[in-house]
Amino acid sequence: MKINSYKEFCLFQNVSRETYEKFVIFHKTLIKWQNSINLISKNTIENIWERHFLDSAQLYNITKEFKGNIIDFGSGAGFPGLILAMMGHKKIHLVESDSKKCTFLREVSMLSEIHVKVHNSRIENLEYFDAELITARALAPLNKLIDYAEAFVNKSSTKNKFPKMLFLKGKSYRQEISNLIQKQDFSIEEFQSITDKFGKILYINKRNMLNTKNEK
């Protein structure tokens, strides 16, 4: 798989020309900043459109019906949070502890004329607000991601709303799921990744709680 144009991108994920142009702005800005701070692995620069842009964009097939706040834990270079905002989500919150990366995220959002809220904060220090969905990509093992989500929800005075979770995982996903011994109150739905034949998109839901969205 090699993507070099709008038409080639749309072979795998349909987006508007306007959205693709925002991706191009994102790409150019990322390459410029990559020279001064490490935003993505150098090994992925040559196939950045497949490894990062398409990999993130495929989540929209699952998230497009969500209208509430979406929190992207450990946004880093903006994948998948910025991509989802460019594809139409209006309430994206990017959580990133590195202040330089936060400056980068704000610059991309300004240049591409999208609205996102950048939180320069560690996940553990993020103040609670109602969220419909939490996303993360290449951040931490599955049990740690759920720990982050639980700690975030526990800051709520009611603790009766638990956001859905959507995590991109590689070939170790089965082992990560099997490690969730103490997390039996979560249901996990698997979707095949279109960019990694060994990877999965994990859609996770807390059982027996009032969620911010009805069961899909």
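At a glance:
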read-out	value
Mean projected area in nm² (Cα convex hull; one quarter of hull surface) for the stretch 30-83	4.1 nm²
14 Å Cα-Cα reach of residue 169 towards aspartates and glutamates, excluding residues that sit fewer than 8 places from it in its own chain	55, 189, 190, 196
Share, in percent, of DSSP beta bridges within the stretch 6-211 that are antiparallel, nearest 5	40 percent
Calculated P(r) of the stretch 88-215 - Cα pairs past 18 Å, %	59 percent
When the convex hull of its Cα atoms is projected in every direction, mean area for the stretch 66-148 (nm²)	5.0 nm²
Descending semi-axes in whole angstrom, ellipsoid equivalent of the chain, from the Cα gyration tensor	27, 20, 17
Whole-Hz ³J(HN,Hα) from phi, Karplus 6.51 cos²θ - 1.76 cosθ + 1.60, for the stretch 55-63, glycine and proline x	4, 6, 4, 4, 5, 4, 4, 9, 8
Relative contact order, percent, the stretch 106-216 [alpha-carbon distance under 8 Å, six or more residues apart]	27 percent
Amide H within-cut-off set for residue 3, under 5 Å, with H built and near neighbours excluded	50
Residue-averaged 222 nm ellipticity for the chain, from DSSP H runs of 4+ at -39500 (n - 2.57), nearest 500	-8500 deg cm²/dmol
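No lab work stands behind these numbers, since they all come straight from the coordinates. Just so it is clear, the model here is predicted, and its values are computed rather than measured.
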